[in-house]
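Novice: This is the structure, below, for whatever I ask next.
Coordinate-derived values only; no laboratory data. Model, not experiment: these values are computed from the prediction. Positions of Cβ are generated from backbone atoms using ideal geometry, with glycine treated the same way; all protein chains shown enter the neighbour counts.
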C-alpha cells in the first residue's frame, strides 16, 4: 500500500557545488634553528676565550650565584661573538656550554632565539637598517636603497665582495625620534639623508669611524626647530625653587 504511493522515479539529486580552492605553497626556512656542518662552521674548529676575555667571562659569571651561573649565557655568547669576528659559530656555543657546565642544547636554544647572534659570518662592518613604521615614514626605504646601491648593488642579507660590509634590514632599534637611522656595528647614525648615509659608509670604507648620533647637526633628540617650551627661564630651576617654604 505504501509502495503504491511512492513516485515511480526518485528526484534527481542536486549537483554538488564545486569551487576551486587555491593555496600558496609554504616557504619553509630552518636557517634560524638548524645547524649543518660546513667547512667554516663545525665542532672540529677550535675556539676558546683569549686570556683577556677569560677574565671578563669570569667577572660576568661572578655576578651570579654558583647554582645559577647559566644566567651568564647571553653575555658570554656576546663576548664569544665579538671575539669570533662578529658571528656565533657552533664552536662558540659549545665552548660557552662547557664553561657554564650546562647542556649544549640549552645554549643552542638561546643562540637561535635571539637575532642579535649572527649564525653566519658577517663583514667587517655590520650595517643594520631600520625600516619599522617611524623610520619608514621618514624615508628609511630610501636609506636602505642608498646603502645597497652605494655598496655595489648588494641586497639585504648580502656581504660585499671585499668583506667590509654586511647589510640587513631590521625592526625598531629604539631611536624613533631620530628617524631614519642605521646601526653600524655598535653605534647609531641618525637623522639620515641619502647624502649623509653615503658619507657615513664612505668613512667606514676608509677605515675611519664617523661620529655617531644625529647627522643633521642637532644635539641628541632635541627639537629640530629649536627650544619651544620653558623659554621664559634662562636656566633650569634650582633645588626647592618655587616650592612652599616648608619644602625649600
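Novice: If you count the DSSP beta bridges with both ends in segment 125-214, what percent of them are antiparallel, to the nearest 5? Please report the intermediate quantities before stating the final value.
Specialist: Details: 7 of 15 bridges.
So the antiparallel bridges amount to about 45 percent of the total.
Novice: A follow-up question, please. Which value in nm describes the separation of the simple spin-label points at residue 199 and residue 101, placed 7 Å from the Cα toward the beta carbon?
Specialist: 5.5
Novice: Let's test the formula: R0 of 30 Å, r as the Cβ-Cβ distance of residue 208 and residue 94. What FRET efficiency results, to the nearest 0.05?
Specialist: 0.25
Novice: Calculate, for residue 161 and residue 187, the FRET efficiency according to 1/(1 + (r/R0)^6) with r their C-beta to C-beta distance and R0 22 Å; round to the nearest 0.05.
Specialist: Details: r = 24 Å, r/R0 = 1.10.
With R0 = 22 Å, the Cβ-Cβ based efficiency is 0.35.
Novice: Another question, then. Cα gyration tensor of segment 51-113, axes a ≥ b ≥ c as square roots of the eigenvalues: rounded (a/c below 1.5), prolate (a/b > b/c) or oblate? Before the final figure, lay out the partial values.
Specialist: Numbers: a/c = 1.89, a/b = 1.12, b/c = 1.68.
Oblate is the answer for segment 51-113, as a/c is 1.5 or above yet b/c matches or exceeds a/b.
Novice: Report the label-to-label distance for residue 68 and residue 219 in nanometres (one decimal), using points 7 Å from each Cα along the Cα→Cβ vector.
Specialist: My value for the distance between the label points is 4.1 nm.
Novice: Please tell me the relative contact order of segment 125-214 in percent, rounded to the nearest whole number, where contacts are Cα pairs under 8 Å and at least six residues apart.
Specialist: Values: 145 pairs, mean separation 30.6, N = 90.
In percent, rounded to a whole number, it is 34.
Novice: Consider a paramagnetic label point 7 Å from the Cα of residue 53 along Cα→Cβ; state which residues of segment 62-85 have an amide N under 16 Å from it.
Specialist: Those under the cut-off are 73-85.
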